[in-house]
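The values are calculated or read from the model by the stated rules, or taken from the named source; none is laboratory data. Note that the coordinates shown come from a computational prediction; the quantities given were computed from them, not determined experimentally. Here the Cβ is made from the backbone with ideal geometry for all residues, glycine too, and neighbour counts use every protein chain on show.
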Amino acid sequence: MSRRKALVIGGDEIFRAITPQRATQCVRDAFVRHHNGEWQMPAKVYLTNEPHGDFRAMPASGDGIAILKWVTSFPDNRAKGLPVVVGVILVSDATTGEWLALVDGTAVTALRTGAAAAVATRALARDDAATIGLVGCGLHGTWAGRCLVAEGYTDGICADADEDAARKVADELGWRTGTTADALGCDVVTLVTPGHAPIITKRHLREGLHLNALGADGPGKAEVDPDAVAACRLFCDEWAQASHGGELTGAVAQGLIGRDDVTDLGGVLAGEEVGRSGPADITLFDSTGLAIQDLALVVELMRLHEAGHLKAGSVEL
Ligand SMILES: NC(=O)c1ccc[n+]([C@@H]2O[C@H](COP(=O)([O-])OP(=O)(O)OC[C@H]3O[C@@H](n4cnc5c(N)ncnc54)[C@H](O)[C@@H]3O)[C@@H](O)[C@H]2O)c1
């Protein structure tokens, strides 16, 4: 039987090779290519694993490769000193089916999740939006902050139940720390908490606000109260995921919103759908996390390796 060597690409090398700015470009492009039908992606599959959380299987294909990300959301991992999101990405050749690489899914997830926040903010926030309120400064909040800074948002307030976490991120980004109320007063609010309880209710909504809801990426999680969700102009990464395992789920279940009330971000980025219609809109982007975002970074990693700009190990099976 013939054996094939596959690359092994670790997290440190991923963060070294792909800057937040480049990740944001790649993810923006991925949303458009998926919208145009060039890249394929079925909805992710959840495997519940109580009391620890859930596993997700996330396939996608495009640009000659196919990936499968196998990843967790285990909220209690943090107390064990482990990431909430732990995973690997298997990369296959889409023509022959041979496997090409094994990639650190934890690093890719952090980078592509942060990038989605930057892409959505640039597309949907007011043109004069200058301040970012970051609520939840764990791993994914940190990368959202890094990508937002790379996108040009250089002023913000970091808030976290753990003050040290907020301080660390604020110091790195050159932002300030504050209370959740301070953060909710910013032009753009990015929520990256575990989604155990809503942070935002209707009384927090102001004309012109843009919200990125990143933390609620699975069943039973919410960072925005359903009434507040229904009061916003709504955008999501993908309806099938967002309506069943995202921030929109509660409002859908209560019959407050339906498919026609929500626009896909890819359509806006492709120039086929209207985004913000004016400065008074209150916009909300529901990010549940898409396999095409992971694919975007894997395509970039494979390209960098081909060009000799990426260090990778190898394994033979
Ligand atoms: N949308 C996506 O694509 C995507 C991708 C990855 C992870 N996630 C989700 O994002 C969430 C955060 O993941 P993480 O890996 O950054 O977790 P983490 O544990 O590293 O960080 C969460 C942070 O939120 C803080 N926090 C908790 N409750 C809070 C509250 N009420 N107010 C303010 N801060 C609070 C915690 O102190 C912690 O610092 C999880 O639910 C995860 O599943 C979403």
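Brief remarks follow.
- Scanning segment 136-163 for residues that are within 11 Å of the ligand (Cβ to nearest atom) and over 23 Å from Ala107 (Cβ atoms) turns up Ala159, Ala161, Glu163.
- Residue satisfying all of: in segment 83-109; free of Cβ contacts under 8 Å to residues at least 60 places away in the same chain and within 11 Å of the ligand (Cβ to nearest atom); farthest from Thr142 (Cα to Cα) among these: Gly87
- Residue tally, condition under 23 Å from Glu163 (Cβ atoms) and assigned to a loop (DSSP other than H, G, I, E, B), over segment 196-235: 7
- Number of the exception - Glu223 against (1) among the charged types (D, E, K, R); (2) within 16 Å of Arg28 (Cβ to Cβ); (3) surrounded by 19 or more Cβ atoms within 10 Å (Cβ to Cβ): (2)
- Looking across segment 60-82 at every residue that is surrounded by 18 or more Cβ atoms within 10 Å (Cβ to Cβ) and within 16 Å of the ligand (Cβ to nearest atom), the one that is nearest to Val192 (Cα to Cα) is identified as Ser73.
Rundown of residues vs (1) closer than 23 Å to Leu304 by Cβ; (2) at pLDDT 95 or above; (3) touching a helix residue (DSSP H, G or I) at 6+ places or on another chain (Cβ under 7 Å), yes/no style:
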site: Glu13; (1), (2), (3): yes, yes, no
site: Arg16; (1), (2), (3): yes, yes, no
site: Gln25; (1), (2), (3): yes, yes, no
site: Arg28; (1), (2), (3): yes, yes, yes
site: Asp63; (1), (2), (3): yes, yes, yes
site: Leu68; (1), (2), (3): yes, yes, no
site: Asp76; (1), (2), (3): no, no, no
site: Trp99; (1), (2), (3): yes, no, no
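- Screening the candidates Leu124, Leu111 for the property of being touching a strand residue (DSSP E or B) at 6+ places or on another chain (Cβ under 9 Å) and either within 26 Å of Ala197 (Cβ to Cβ) or hydrophobic (A, V, I, L, M, F, W, C) (or both) yields one hit, Leu124.
- Meets criteria (part of a strand (DSSP E or B) and out of contact with any Ser or Thr (no Cβ under 6 Å at 6 or more places or on another chain)) for Thr193: no
- Residue in segment 206-220 that is surrounded by the most Cβ atoms within 10 Å (Cβ to Cβ), counting only those that are more than 8 Å from the ligand (Cβ to nearest atom) and of a type outside the set (Gly, Ala, Ser): Leu211
- Picking from residues in segment 25-82 that are outside any strand (DSSP E or B) and β-branched (Val, Ile, Thr), the one that is nearest to Leu269 (Cα to Cα) is Val32.
- The residues of segment 187-198 that are surrounded by fewer than 24 Cβ atoms within 10 Å (Cβ to Cβ) and more than 6 Å from the ligand (Cβ to nearest atom), listed by number, are Asp187, His196, Ala197, Pro198.
- Exactly one residue out of Ala166, Ala181 is in a helix (DSSP H, G or I), more than 19 Å from Thr24 (Cα to Cα), touching a Cys at 6+ places or on another chain (Cβ under 7 Å) and modelled with pLDDT of 95 or more, and it is Ala166.
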